[in-house]
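To keep things clear, I will list the structure first and then write my remarks on it.
The values are calculated or read from the model by the stated rules, or taken from the named source; none is laboratory data. Because the structure is predicted, anything quoted here is derived from the model rather than measured. Every residue, glycine among them, receives a Cβ derived from its backbone with ideal geometry; neighbour counts consider all protein chains shown. These accessible areas exclude ligands, DNA and RNA; they are computed on the full protein's heavy atoms, side chains included. Shrake-Rupley method; radii C 1.70, N 1.55, O 1.52, S 1.80 Å.
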Amino acid sequence: MAEQTPHPSERWIALTLRLGAYGSFAVLIIAMLLAVAGQTRAAEVTSRIGVLVLMATPTLRIITAIFMYVSARDKKMAIVATGVLAIVIISSVVGLNLHG
Amino acid sequence: MTIESSLLLIVLGCAAGAFGALAGVGGGVIITPVLALYFHLPIHQAIGVSLVAVIATSTATSSVHVERHVTDVRLGMILELSTTIGAAIAAVIAAYVNKKAIAILFVIFLLYSASSIVKRAWNSRKEKLVTEIPPYEPHNYPAGLTVALFAGAMSGLLGVGGGVIKVPAMYMFMGVPLRVATATSNFMIGVTAAASAYIYYGRGDVHLTVAAPLVAGVFTGSLVGARVAPKIRSIYVLTLFIGVTVWLAGQMIFKLSTGAM
């Protein structure tokens, strides 16, 4: 059962997810209020920020996990988390290049 | 985008978010076909927007599950290695896949999801509320990683979370308790969807005026769903989910046969 013992720092992962969820939710609500008020351009920019904050949240929680495993000297899991981060970064770079 | 359309998108997001919280699915399996069928979004845009909604469901629900220590974070991180590779590659390939082929694959996925949930509904008819997680040791990682790769590919191609593939795999092949498997899958689908969402976003397939109200609805639905979950018997939610997925599959088959999709 040693493998499943929850790490005390997992609360930082939960906090990162919560901040990302509530942060993007708040920004998207503001975007919709701006749209209702007829501020189309401001609404579009705010929507983009809200969606990008949401899309960045899973990446931020991987970074949090890397810090968590490094501080716990869990080399194996730090390598695993870094590998996941590398894949996500490669896909975001590919995505941004498509945008460009 | 009219106010009426935005309100309908909020309602759709609420329904998908509530399903996500109550039935342990990402909601993408409902969002993609509804956007394509009823909001007339091109299938690739429907998938792009759906992936953002899947990230919202995962982020909202897994923050709670991680804090309650129901999620196996280590197992999730290991399986994310292969599921993100599958998702990223499939998202790149998706641009070159015929729209009709994606729609046909989606119908197959909808029917598979319905059959998978039928099995769960049948097993849960005499369910007892289990609060204790039994001791377990995940095993058979090669099988888990292979299935996660496939689930990631489905996510990148169809805009779904892939929970209906990951949960049974963790439960049956890896010996993970169902409650932990569901929470861990919810945790993973955010990163899986993000890996392909960046690529859809870069291609211009994430329609912001559709995504914003939909995601706001998903958050609301997830929060309400998580609150009412203990008061609702899962058999009712699962039965409703089966009805919705079969209806959407029927609609897609009809549109495909008439050449309207």
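Give me the summed buried accessible area for the A-B pair, 1.4 Å probe, to the nearest 100 Å².
Interface area, both chains combined: 4400 Å², rounded to the nearest 100.
The angle between the Cα long axis of helix B:163-172 and the main principal axis of chain B comes to about 20°, on a 0 to 90 degree scale. Helix B:99-123 versus the longest principal axis of chain B: what angle, 0 to 90°, nearest 10, using Cα atoms? The helix B:99-123 is inclined about 30 degrees to chain B. Taking all protein chains into account, the per residue accessible area for chain B stands at 39 Å² (1.4 Å probe).
The calculated pair-distance distribution of chain B uses every alpha carbon pair, bins of 10 angstrom beginning at 0, and gives 8, 33, 39, 17, 3, 0 percent. Solvent-accessible area per residue in segment A:9-99 equals 52 Å², computed with a 1.4 angstrom probe and all protein chains kept.
As a fraction of the 1.4 Å probe accessible area of the protein assembly as shown, surface on carbon and sulfur atoms comes out at 70 percent. Rounded is the label for the protein assembly as shown, because a/c, from the alpha-carbon gyration tensor with a ≥ b ≥ c as root eigenvalues, stays below 1.5. Burial here means at least 40 square angstrom less accessible surface with every protein chain in place than with the chain by itself, probed at 1.4 Å; in segment B:202-220 the buried residues are B:Gly202, B:Leu208, B:Ala212, B:Ala216, B:Phe219.
Radius of gyration over Kirkwood radius for segment B:210-261, both on Cα atoms: the Rg/Rh ratio is 1.14.
Here the Karplus relation 6.51 cos²θ - 1.76 cosθ + 1.60, evaluated at θ = phi - 60°, turns the backbone of segment A:15-22 into coupling constants of 5, 4, 5, 5, 4, x, 5, 5 Hz, with x for every Gly and Pro. Volume per residue of the convex hull around the Cα atoms, evaluated for chain A, comes out as 102 Å³. Taking Cα atoms only, the orientation of helix B:208-228 departs from the longest principal axis of chain B by about 30 degrees. Taking amide hydrogens as placed 1.01 Å from N in the peptide plane, the amide H of B:Val176 sits under 5 Å from those of B:Tyr171, each at least 5 positions away in sequence or on another chain. Springs between Cα atoms under 10 Å define the GNM used for chain A, and in it the highest mean-square fluctuation of A:Val70, A:Val27, A:Val45 occurs at A:Val45. Comparing mean-square fluctuations of B:Pro142, B:Pro177, B:Pro168 from a GNM of chain B with C-alpha springs under 10 Å, the top value falls on B:Pro142. Once the C-beta distance of A:Val70 and B:Glu132 is scaled by a Förster radius of 30 Å, the resulting FRET efficiency is 0.40 to the nearest 0.05.
Rounded to the nearest Hz, the phi-derived 3J(HN,Hα) couplings of segment B:3-15 under the Karplus curve 6.51 cos²θ - 1.76 cosθ + 1.60 (θ = phi - 60°) are 4, 4, 5, 4, 5, 5, 5, 4, 4, 4, x, 4, 4, where x marks glycine and proline.
Taking chain B as a Gaussian network, Cα atoms linked when under 10 Å apart, which of B:Ala60, B:Ala94, B:Ala153 shows the biggest mean-square fluctuation? Answer for the Gaussian network model of chain B: B:Ala94. For peptide A:45-58, the mean count of partner chain Cβ atoms within 10 Å of a residue's Cβ comes to 6. The calculated FRET efficiency for the pair B:Ser115 and B:Arg68, based on their C-beta separation and a Förster distance of 35 Å, comes to about 0.70.
Per-residue mean of foreign Cβ neighbours for B:67-80 is 6 (Cβ atoms of other chains, 10 Å radius). Near B:His207, the amide H atoms lying under 5 Å from its own belong to B:Val49; only residues 5 or more places off or on other chains count, and H is placed 1.01 Å from N. Per residue of chain B, the DSSP helices (runs of n ≥ 4 H) give a summed -39500 (n - 2.57) that works out to -26500 deg cm²/dmol at 222 nm. For segment A:34-44, backbone phi angles converted through the Karplus equation (6.51, -1.76, 1.60; θ = phi - 60°) give residue-by-residue couplings of 5, 5, 5, 7, x, 8, 4, 5, 5, 5, 5 Hz, Gly and Pro being listed as x.
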